[in-house]
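The values are calculated or read from the model by the stated rules, or taken from the named source; none is laboratory data. Given the structure is predicted, the values throughout are model-derived calculations rather than measurements. Heads up, the Cβs are rebuilt from the backbone with ideal geometry, glycines too, and the neighbour counts pull from every protein chain shown.
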Amino acid sequence: MEIRTRMAPSPTGEYHIGHIRTLLYNYAYAKKNMGKFILRIEDTDRERYVEGAVDRILDIINDYGFSWDEGPRVGGPHIPYVQSERLDSYKKYAEDLVRKGLAYYCFCSSERLENLREEQRKKGLTSTKYDRYCLSLSPEEIEKNIKENKKYVIRLKVPENKDIIFKDAVLGEVKINTNDIDDQVLLKSDGFPTYHLAVVIDDHEMEITHVMRGIDWLPSTPKHVLLYDAFGWNTPVYVHLPNLKELGGNKKLSKRYGSVAAIDFLKEGYLTEALVNFIMFLGWNPGGEKEIYSLDDFINEFSLERIHKTDLVAFDRQKLLWMNGYYIRNLDDLGIYNRLRKWAEKFNISLNMADRSDDYNIKVISLVKDRMKLLSDFSNLTGYFYKWDIVPKERVSEYTKDETKALEILVNFHERYLNIKEGEWVKDRIDEINHEIIKDKGYSPKEAFMTMRIVLTSSSATPSLVDITELLGKKEVLLRLEREIKSISI
Ligand code: GLU
């Protein structure tokens, strides 16, 4: 049997990083088993429908490096893969259930239902249920109502006091009594199916073998099992995955702590391979020390048995940042440059490279890449390679504690650098000269080199001074020293 998994996003808002985790597991399981991964859009909730969300969801899934074997944009044997384009089929199936006596028309007005809920709440009931008023309507009454064009929904006739038992590949056997389940609406008065009806019909028609989704859908599963029974179909294998929470405590992922939407992580400058590697472990663990996994490694090792049996897993933002730095460091300089430019173009971000040559920019990257945890760190780490301003006197004398001495250091470096021939402006020669200066003048390495570093970069934490000096070039270094000397001397 072909393994067929699916992701079924609803276009009700931004695609969440947790959705990508669920998608990854579905994708990997299908690929591991030479099966198919299907994408379906569940857009039957018209009230929560967000214009443009379908395209954004499809784009972000592609941005994370995933594609689907069947679904919107690519087609497949079960087209259409968008629920709002499959309405006729849902209606037909719902009416079949009515004919078989397993579902019924309900003409109750929203006022009646609201009053009913209110009464039940007053009685102290925690969950409110439909009272089955319409279940006892005679065929004549039903026909009359329909003729009069009265609005109706179709409800599932949930059997009374029956234990529904299903097996979840992660949670084991789950049991729930039907007395806790309301007579679900299957078809709404606007002709749209509810999620419950549509998901069951589509998963069946699209021959889905494994339904892998967040554990927050667990309470819906017995309703789905009832529907499979009513239609006489086999249920798929259920796999409920833990939801994500902030590290420490039981807080849902929240914007207060950082990005939540999948797109925002990319905008912040995370690499997709780092994100995908990180989310592999949000609910699964191979049980070893290894934590750097390519997608292919993951597909090879992924198994349902190793999915965590818990309702929440911690999203460790520091760990993600570390992992991203790891992936950046492991790209070559040109690779980082290309990624930076693509990222800046996609999100319309200025890299402030002041029209310098590719060669120069790539050398800049080689000097700072060990400090980059995000692509967006680049500009903060490299401003002085592109633009320079006079550094305030107090900062220049931070290490000498003496303005005159700081000035003297700058003058000495300037004088010696002036004599270096263009062709000798390489870091080993610069390093030799730097050491000659401190030896001749009796400066401590710290006071001399930190003073130079602050003047050239306005920062005390930078890559090595000789690397910077070499890359900036003789002309630029002399110019910065001259301007600073002039400013201090006034
Ligand atoms: N449309 C549901 C969602 O937005 C899918 C739930 C499921 O996978 O069954 O998450």
Whichever residue in segment 420-465 is part of a helix (DSSP H, G or I) and among the small types (Gly, Ala, Ser) and, among such residues, is farthest from Lys405 (Cα to Cα):
Gly423
All but one of (1) away from the ligand (no atom under 13 Å from the Cβ); (2) aromatic (Phe, Trp, Tyr); (3) crowded, with 18+ Cβ neighbours inside 10 Å hold for Tyr238; which doesn't?
(1)
Any residue in segment 45-60 that is touching a strand residue (DSSP E or B) at 6+ places or on another chain (Cβ under 7 Å) and either touching a residue at least 12 places away in the same chain (Cβ under 8 Å) or aliphatic (A, V, I, L, M) (or both)?
yes
If I go through segment 279-298 residue by residue, how many of them are outside any loop (DSSP other than H, G, I, E, B) and farther than 21 Å from Lys309 by Cβ?
3
Counted residues in segment 105-129 being at pLDDT below 95 and touching a Leu at 6+ places or on another chain (Cβ under 8 Å) come to 1
Selection from segment 371-388 of residues that are closer than 18 Å to Asn324 by Cβ and of a type in the set (Lys, Arg):
Arg371, Lys373
Take the conditions within 23 Å of Tyr81 (Cα to Cα), buried (at least 21 other Cβ atoms within 10 Å of the Cβ), in contact with a helix residue (DSSP H, G or I) (Cβ under 6 Å, 6 or more places away or on another chain) and at pLDDT 95 or above and apply them to His210. Does it pass?
no
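Touching a Lys or Arg at 6+ places or on another chain (Cβ under 9 Å) and away from the ligand (no atom under 16 Å from the Cβ): is that true of Leu171 in this structure?
Values: touching a Lys or Arg at 6+ places or on another chain (Cβ under 9 Å): yes; away from the ligand (no atom under 16 Å from the Cβ): no.
For Leu171, the condition - touching a Lys or Arg at 6+ places or on another chain (Cβ under 9 Å) and away from the ligand (no atom under 16 Å from the Cβ) - is not met.
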From the list Ala198, Ala230, exactly one residue is more than 12 Å from the ligand (Cβ to nearest atom), in contact (Cβ under 8 Å) with a residue 60 or more places away in the chain, in contact with a helix residue (DSSP H, G or I) (Cβ under 6 Å, 6 or more places away or on another chain) and among the hydrophobic types (A, V, I, L, M, F, W, C). Which is it?
Ala230
The residue from Ile292, Ile299 that alone is among the aliphatic types (A, V, I, L, M) and either under 29 Å from Ile176 (Cβ atoms) or loosely packed, with under 14 Cβ neighbours inside 10 Å (or both) is Ile292
Condition met for Leu381 (among the aliphatic types (A, V, I, L, M) and either assigned to a loop (DSSP other than H, G, I, E, B) or touching a residue at least 40 places away in the same chain (Cβ under 8 Å) (or both)):
no
In the list Leu465, Leu418, which residue meets the criterion of being aliphatic (A, V, I, L, M), surrounded by 13 or more Cβ atoms within 10 Å (Cβ to Cβ), touching a helix residue (DSSP H, G or I) at 6+ places or on another chain (Cβ under 9 Å) and at pLDDT 95 or above?
Leu465
Number of the exception - Glu207 against (1) charged (D, E, K, R); (2) closer than 25 Å to Ser303 by Cβ; (3) away from the ligand (no atom under 16 Å from the Cβ)
(3)
Just the residues that are surrounded by 15 or more Cβ atoms within 10 Å (Cβ to Cβ) and either assigned to a loop (DSSP other than H, G, I, E, B) or of a type in the set (S, T, N, Q) (or both), please, taken from segment 113-128.
Gln120, Thr128
Which residue, of Leu102, Leu156, is touching a His at 6+ places or on another chain (Cβ under 9 Å) and at pLDDT 95 or above?
Leu156
Pairs where the first residue, in segment 12-23, is under 18 Å from Lys245 (Cβ atoms) and modelled with pLDDT of 95 or more and the second is hydroxyl-bearing (Ser, Thr, Tyr) and more than 9 Å from the ligand (Cβ to nearest atom), C-beta under 8 Å, 6+ apart:
Ile17/Ser259; Ile20/Tyr64
Residues being over 29 Å from the mean Cα position of the chain (by Cα), surrounded by fewer than 19 Cβ atoms within 10 Å (Cβ to Cβ) and either part of a loop (DSSP other than H, G, I, E, B) or among the hydrophobic types (A, V, I, L, M, F, W, C) (or both): count how many of those fall in segment 333-374.
4
All conditions in (1) exposed (fewer than 14 other Cβ atoms within 10 Å of the Cβ); (2) within 40 Å of the chain's Cα centre (by Cα) are true of Ser136 except (2)
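Would you point out which residue out of Thr457, Thr382, Thr451 is among the polar types (S, T, N, Q), modelled with pLDDT of 95 or more and more than 26 Å from Ser357 (Cα to Cα)?
Result: Thr451 is the single residue among Thr457, Thr382, Thr451 that is among the polar types (S, T, N, Q), modelled with pLDDT of 95 or more and more than 26 Å from Ser357 (Cα to Cα).
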With the checklist (1) on the phi < 0 side of the Ramachandran plot; (2) out of contact with any Asp or Glu (no Cβ under 8 Å at 6 or more places or on another chain) in hand, flag the one item Asn161 doesn't pass.
(1)
Mind checking which residues of segment 384-415 are β-branched (Val, Ile, Thr), in a helix (DSSP H, G or I) and buried (at least 16 other Cβ atoms within 10 Å of the Cβ)?
Val396, Ile409
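Provide a single number: the residues in segment 139-155 that are in a loop (DSSP other than H, G, I, E, B) and surrounded by 11 or more Cβ atoms within 10 Å (Cβ to Cβ).
Selection size over segment 139-155: 3.
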Just to check your reading of the model, which residue among Ser189, Ser220 is surrounded by fewer than 19 Cβ atoms within 10 Å (Cβ to Cβ), more than 16 Å from the ligand (Cβ to nearest atom) and among the hydroxyl-bearing types (Ser, Thr, Tyr)?
Ser189
